[in-house]
1. Taking every eigenvalue of the Cα gyration tensor of the protein assembly as shown, multiplying by 5 and rooting it, what semi-axes result, largest first, whole Å?
2. Could you go through the range A:146-163 in sequence order and give the Karplus-derived ³J(HN,Hα) for each residue, using 6.51 cos²θ - 1.76 cosθ + 1.60 with θ = phi - 60°, rounded to whole Hz, and x for Gly and Pro?
3. Could you work out the helix-only [θ] at 222 nm for chain A, with each DSSP H run of four or more residues adding -39,500 (n - 2.57) and the total divided by the number of residues, to the nearest 500 deg cm²/dmol?
4. Please report the orientation-averaged projected area of chain B, defined via the convex hull of its C-alpha atoms, in nm².
5. So what are the ³J(HN,Hα) numbers for the range A:80-96, from phi and the Karplus equation (6.51, -1.76, 1.60; θ = phi - 60°), rounded to whole Hz, Gly and Pro as x?
6. Take every DSSP beta bridge whose two residues both sit in the protein assembly as shown, then give the antiparallel share in percent to the nearest 5.
7. Pick from B:Thr176, B:Thr88, B:Thr77 the residue whose mean-square fluctuation is largest in a GNM of chain B, springs joining Cα atoms under 10 Å.
8. For a quick check, take a GNM of chain B with Cα springs below 10 Å and name the residue from B:Asp265, B:Asp171, B:Asp15 with the largest mean-square fluctuation.
Amino acid sequence: MTQVAVRRSPPATAPVGTVAGEAVTLTDVTKRYAGTHGALALDGINLSVPRGQFVCIVGASGCGKSTLLNLVSGLDAVTGGGISVEGRPAFMFQEHALMPWLSALDNVALPLRLSGRSTVDRERLARELLATVHLSAWADRRPHELSGGMRQRVALARTLATECTVLLMDEPFGALDAITRDLLHDELESIWRARGLTVLFVTHNVREAVRLGDRVVLLSSRPGRVVEDYRIDLPRPRRFEDPEVTSATGEITAALRAEVARHGD
Amino acid sequence: MATDTVLAGELRGLDALETTTDRPQVGSRLWHALAPKAAAVALVLGLWELVVLLGLKPEYVLPPPGAALSELGHQLTQATFWHATAVTVSRGVVGFSLASVVGLALGVVVSRSRFLRSAIGSLITGLQTMPSIAWFPLAILLFQLSETAILFVILIGAVPSIANGVISGVDYVPPTLIRAGRNLGARGLGLYRYVIVPAALPGIVSGLKQGWAFAWRSLLAGELIVAIANRPSLGAFLSNSRELGDPPYMIALMIAILLIGVLVDTAFSAVDQGIRRRRGAVV
């Protein structure tokens, strides 16, 4: 008997107020681009993410995936609807966005400095976090002396230094080669589990979404709406090449393609 | 955890493969920095000697490099020369320091405000194109033949460059760094202190470097025009040397002025290179 890897959740209904146990709740979120007649980027997004869940958001170009994360992070404001988030979420970008004048250690220590920690605390915590991402030996190197994957791990350690419980990731591994990306999937998964983080992970790579997510949310394009909300019940750790991962990827990719084809009509 | 040690081992291997530890030697860096400069000086001296040998100008107008250099050597033993140099350099240092304070403050303020940017931004650039010597008639009218007149022109020459350096440095800060800084909890002045100013530092340093060049030029122009009694200066001596009809002395002074300018410029370049190297912008 084959296990049902992918299960479609019923569409989320708009919750009233904050729901206990939810780390992120989006209620009828609408976003228009700048200007009064700006194009609609996101249209009536309802999404509720329980604490500790790993949610991947996939969609074709123009689905507003990145806009969605910007709204949740507070870097951008909604046009309509509401968002409630637990604490101050940390953001990890596709580009590492490390400060090029600071060493790996000082980059990780920056949020600690901004939150007013003492020098001793900063040093100790930053070293612990670098150890968490297996980069203790590279503490004194500056970003340009590190590989792309290492920079992303420093960036990950830096987001952890903000003591966030919600982590927003915008295609963080999009620019990495396959081997590095696989290892970083393992690393992210182990950190996510150890710390009980809630993750919103945006990617255009469906297989990556299936590899990592408890849920995969498929958005339509222009405007972005939630088309499907897949539950991925596969056991962890998963591997990129697992047949179950492949078949789930196939199903979601077919839906994504159908969504893309709609725009060609 | 066994899986964690496997992962750690794999990551270590990958990290070792993807990075290099080579850094260029100091000796070779120094050679690469100095050799072209030495060649350029030799070329200029050679051309100068050639022009003299061709006899295009009589020697009492254009002396050979040897005569000028030996005059410079003589001047270096004279107390009056050092006194004049000290006056000129201290004017430069005071003027430039003041210009830096004003220019940096102005740059930060203008770069922060969209309104000020469009109001004053183009004015600052406009001021920069104004030859500093054109300010002297007004400066003398306002401040007579005084130190203040010279200082005024140094400031008006150097401040726009320095302010512009800050503004363009801030403009070229990658937006992702600002977004990241905000997300990490930097607000207001903290964002400036920990993200924007360090990120803009290369632009700020090149603004300061250009500001020094403007200050030095304005200063020497001022010293040629504004002679103050009992204040010997390189500019005043230069003016005297023409009146005395002493070309070797004149050229010796010019070389001294050039050398001081180059020396300071080299110091700025070294700082600039250091900053860029730290960030991986140059190898």
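1. After diagonalising the Cα gyration tensor, the semi-axes are 63, 27, 20 Å.
2. For the range A:146-163, the Karplus-derived couplings read 10, 7, x, x, 5, 4, 5, 5, 4, 4, 5, 4, 5, 5, 5, 5, 7, 6 Hz, x marking Gly and Pro.
3. -11000 deg cm²/dmol
4. 22.2 nm²
5. x, x, x, 10, 10, 10, 7, x, 9, x, 9, 10, 10, 9, 5, 7, 4
6. Antiparallel bridges make up about 55 percent of those DSSP assigns within the protein assembly as shown.
7. Evaluated over chain B, the most mobile residue of the options is B:Thr176.
8. Sorting by GNM fluctuation, first place goes to B:Asp15.
Every read-out reported here was derived from the displayed coordinates using simple, explicitly stated rules and does not represent laboratory data. All of these numbers come straight from a predicted model, not from anything done at the bench. Here the Cβ is made from the backbone with ideal geometry for all residues, glycine too, and neighbour counts use every protein chain on show.
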